[in-house]
Amino acid sequence: MAHGERILQRERDLFDDLCRQSYASLLSYARLFVPMHIAQDVVQDALLGAWKRRDKLDLDSDLGNYLLRSVYNRCMNIIKRDKVFSRYVDSYRNRITSLLCSEYLDPDRNPVIARMYSSDLRDTLDGAISRLPDRCGEVFRLSYEEHYSEKEISEKLGISVRTVEAHIYNALKTLRMLLVSAESH
């Protein structure tokens, strides 16, 4: 082994010993700021950074202070990054909500929304529901207007859940046809 390799190996052995001695305390310190899975990465990054800077550090006296400061700085950077990211997400979420409410869901700006909730549409829908067969209309009203579950409708009317499902399917199919034909007139 060449002289330079022996020095590097000696430095590596010293560094490994110091890392083993300080890893648990550095991890514990990092856990004061960040969750365990992040703390482990922070400590490993700090150790790697110390190894890369070993020529500038006195491994006996500077390493402990360097590692502690490095762990602290890395944790603070993660916390700042997460706060900035969180503010960014909140800002865009608020902007999207604002756009939806002010432009897309405003009945004065969106004629589809206005029509959906207009009394004309409600009258058309009520007329179409009244044209359904009696039992089919009753099942549909219990499901969509009174928000009963299929099981509750089944028990209330004394019919099977499959029959309830069939009535709802038929009602939706019939209403779609009735509403499309009403729209074209």
Q) Would you say residue 171 is at pLDDT below 85 and of a type outside the set (Ser, Thr, Tyr)? A) no
**Q.** Cβ-Cβ under 8 Å pairs, at least 6 apart or on other chains, the stretch 77-94 side within 24 Å of residue 39 (Cα to Cα) and of a type outside the set (Ser, Thr, Tyr), far side modelled with pLDDT of 80 or more and surrounded by 10 or more Cβ atoms within 10 Å (Cβ to Cβ)
**A.** 78/33; 78/34; 78/38; 78/42; 79/33; 79/34
Q) Can you tell me how many residues in the stretch 33-55 are more than 29 Å from the chain's Cα centre (by Cα), assigned to a helix (DSSP H, G or I) and of a type outside the set (Gly, Ala, Ser)? A) 4
Q: Would you point out the residue of the stretch 174-185, among those that are over 15 Å from residue 122 (Cα atoms) and surrounded by fewer than 14 Cβ atoms within 10 Å (Cβ to Cβ), that is modelled with the lowest pLDDT?
A: 185
Q | the stretch 15-65, subset crowded, with 17+ Cβ neighbours inside 10 Å and of a type in the set (Phe, Trp, Tyr), residue farthest from residue 80 (Cα to Cα) | A | 15
Q. Within the stretch 13-32, which residues are modelled with pLDDT under 90 and either within 24 Å of the chain's Cα centre (by Cα) or charged (D, E, K, R) (or both)?
A. 13, 16, 17, 20
Q: Under 8 Å between Cβ atoms, at least 6 apart or on separate chains: pull out the pairs that start in the stretch 12-30 with a residue that is touching a residue at least 12 places away in the same chain (Cβ under 8 Å) and on the phi < 0 side of the Ramachandran plot and end on any residue that is among the small types (Gly, Ala, Ser) and crowded, with 17+ Cβ neighbours inside 10 Å.
A: 15/50; 26/46; 27/39; 30/39
Q: Give me the pairs, please: first residue somewhere in the stretch 131-151 and not in a helix (DSSP H, G or I), second residue anywhere and not hydroxyl-bearing (Ser, Thr, Tyr), beta-carbon distance under 6 Å, and either six or more positions apart or on two chains.
A: 132/171; 148/142
**Q.** Considering residues of the stretch 128-159 that are surrounded by fewer than 11 Cβ atoms within 10 Å (Cβ to Cβ) and out of contact with any Gly (no Cβ under 9 Å at 6 or more places or on another chain) only, the residue modelled with the lowest pLDDT
**A.** 145
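The values are calculated or read from the model by the stated rules, or taken from the named source; none is laboratory data. All values derive from a computational prediction rather than experimental measurement. Cβ coordinates were reconstructed from backbone atoms using ideal geometry, including for glycine residues, and neighbour counts include every protein chain displayed.
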